[in-house]
Amino acid sequence: MDTLTPPGLLETPVTAVLLDLDGALIDSGPTILDSFSHTLAQLGLPARSREELGVLIGPPLHEGFSQHLGLEGQAVDEAVRVYRSHYTEHMHEAPVYDGVPELLDALAAAGVPTCLATSKREDIALRILERNGLARRLTAVAGADPSDRGGRKAEVIAQARRRLEQAGADTSRLVHVGDRVHDVQGAHEAGVECVGVLWGYGGAEELAGAEWLVGSPAQLRRLLARLTGLPLGEPGPEDRP
């Protein structure tokens, strides 16, 4: 699909890029849904279809279990514990999307600072990045703390900005790349523009509030080249749409 740049948005180039993890860098949906199904079964809760559980991909775990599954108090904490025990056993089964390593390499080669901005616990996200060879391609990483605090997308984006500034990056114009409505809402709450990616778990209707929509990592690479005003190279055969 074409990506259209709204008038006036290229007056100041994008100086750094923030990236969501699940549904943007890695195809973790099947693993996450398996872990949610396992949690419901372990807790004796009614089973939900994978389509029904899809709304839980992306938001912080406590928020998902309370707002979408109706759990309260200690039941939420227990659900998070069961979920995480299962998920951490299987999280490395999720593959990196084709074209993502090449995209991150192109941004790094052009000197564009990048930071992961995920609602996942930061330590878990870092383990996933390191296992897949992505951590070394990023300038910084930001996520929820070990107690799952600070995982709202706007909070994570604020933390990502601080991490980039600590690394000496220019954060005067950031853009966040994500696949769910909470990415769009959190980015705007934090005063950041958003690129919605259509290869993840939210479709065009869910991502309608994003400034741009892209259908593949190759299209994202070309869009970021325009927004940063820097040459990011032409996507090769391995990451063309």
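Bear in mind these aren't lab numbers, they're just calculated from the coordinates by the rules spelled out. These figures come from a predicted structure and were not determined experimentally. Because the Cβ atoms are built from the backbone with ideal geometry, glycine has one as well, and the counts that use them run over all protein chains shown.
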| note | Sites removed, the longest contiguous part of the chain containing no DSSP-loop GluC sites (Glu not before Pro) with at most 13 other Cβ within 10 Å is 73-204
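For the pair residue 88 and residue 234, what calculated FRET efficiency results from E = 1/(1 + (r/R0)^6), where r is the Cβ-Cβ distance and R0 = 45 Å, to the nearest 0.05? All intermediate terms of the calculation are to be shown ahead of the outcome.
Details: r = 38 Å, r/R0 = 0.85.
It comes to 0.75.
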| Restricting to the chain, what percent of DSSP beta bridges are antiparallel, rounded to 5? | 5
| field | Potential lengthening between residue 172 and residue 198 on full extension [0.36 nm per residue; Cα-Cα distance subtracted] | value | 6.7 nm
